[in-house]
Amino acid sequence: MQKFKITVNGEVYEVEVEAIGGSAAAPAPAAPPPAPVAAPPAPAAPAAAPAPTAAPKPAAGGGGGGALCAPMPGTILDVKVKVGDAVKIGDVLLILEAMKMENELQADKAGTVKEVKVSKGQAVNGGDQLIIIG
């Protein structure tokens, strides 16, 4: 057996090493191995909020109508309605891709689609009017 001094993370240890093929007994270290240092816990990430649906805003120059506005910037993947369609609360009006997620934007009022201001593939900014419901 041979004795060695080794340094691990600034701590000096004295160990005995036995050649391979020697006795079956494993050598014991002169000092106990250091306890592993636990990494500091990562700060908890806030839970992802569900995709918001746009609140109705008065239509420009409209008479009591409402506009579905983009809740965030993104790209229109699909428009599910056309002018003249009757919609109920909760009907999916269009699909907006934002941050690699598909968001179903739903009607939050019943009525008739008066104007569709976007088309498939169009980029929109947060707050842009997408569909007018009257």
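Since every read-out is calculated from the coordinates, none of them should be taken as a lab result. Everything numeric here is computed off the predicted structure, so don't read it as measured data.
Data table
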read-out	value
Scaled radius of gyration (Cα, divided by 2.2 N^0.38 Å) that the range 61-133 gives	1.01
Under the Karplus curve 6.51 cos²θ - 1.76 cosθ + 1.60, θ = phi - 60°, whole-Hz ³J(HN,Hα) for the range 89-98, x wherever Gly or Pro sits	4, x, 5, 6, 9, 7, 10, 10, 8, 9
